[in-house]
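Novice: Quick one: structure below, then a few questions.
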Amino acid sequence: EYNEIQTGMTYEQVKKIVGSPGEVSSQVESHGHKVVIVTWYGNSYTGSNANVTFTNDEVTGKAQVGLK
């Protein structure tokens with residue numbers, strides 16, 4: 001799922017790939033730009049997760065920890 005997420009996708013497209021809404025971990029608006037970081041957690045025991053950064057509802061970055 002993580003590898004399917006591409007720059008320029010909307011939140012709705014990413015949510016459909018992952019299959020859940022995720023959790024907003026950060027949100028800021030400044031100078032006409034809205035930046036939201038959404039986190040999806042894998043197995044909570046291992047702490048695996050993926051963070052996707054959206055700028056004006058488009059993917060501008062992503063990072064992951066412990067996903068296989």
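Novice: Return the long-range amide H neighbours of S48 (sequence gap of 5 or more, or a different chain), with a cut-off of under 5 Å between placed amide H atoms.
Specialist: For S48, whose amide H was placed from the backbone, the distant partners under 5 Å are G42, N43.
Novice: Same structure, new question: If you roll a 1.4 Å probe over the chain with all protein chains in place, what percent of the accessible area is carbon or sulfur?
Specialist: Carbon and sulfur together cover 50 percent of it.
Novice: At 7 Å along Cα-to-Cβ for each site, give me the label-to-label distance between V35 and Q64 in nm.
Specialist: So the label points at V35 and Q64 sit 2.3 nm apart.
Novice: Same structure, new question: If you bin the C-alpha pair distances of the chain every 10 Å from 0, what whole percents do you get?
Specialist: Calculated P(r), rounded to whole percents: 22, 56, 20, 3.
Novice: Express the accessible area of the chain per residue in Å², computed with a 1.4 Å probe while the remaining protein chains stay in the model.
Specialist: The answer is 69 Å² per residue.
The values are calculated or read from the model by the stated rules, or taken from the named source; none is laboratory data. Note that the structure is a prediction, hence the values are computed from the model and not measured. Counting neighbours? That spans all protein chains shown, and the Cβs are built from the backbone with ideal geometry, glycine included. Surface accessibility is based on the protein's heavy atoms, side chains included, excluding ligands, DNA and RNA. Shrake-Rupley method; radii C 1.70, N 1.55, O 1.52, S 1.80 Å.
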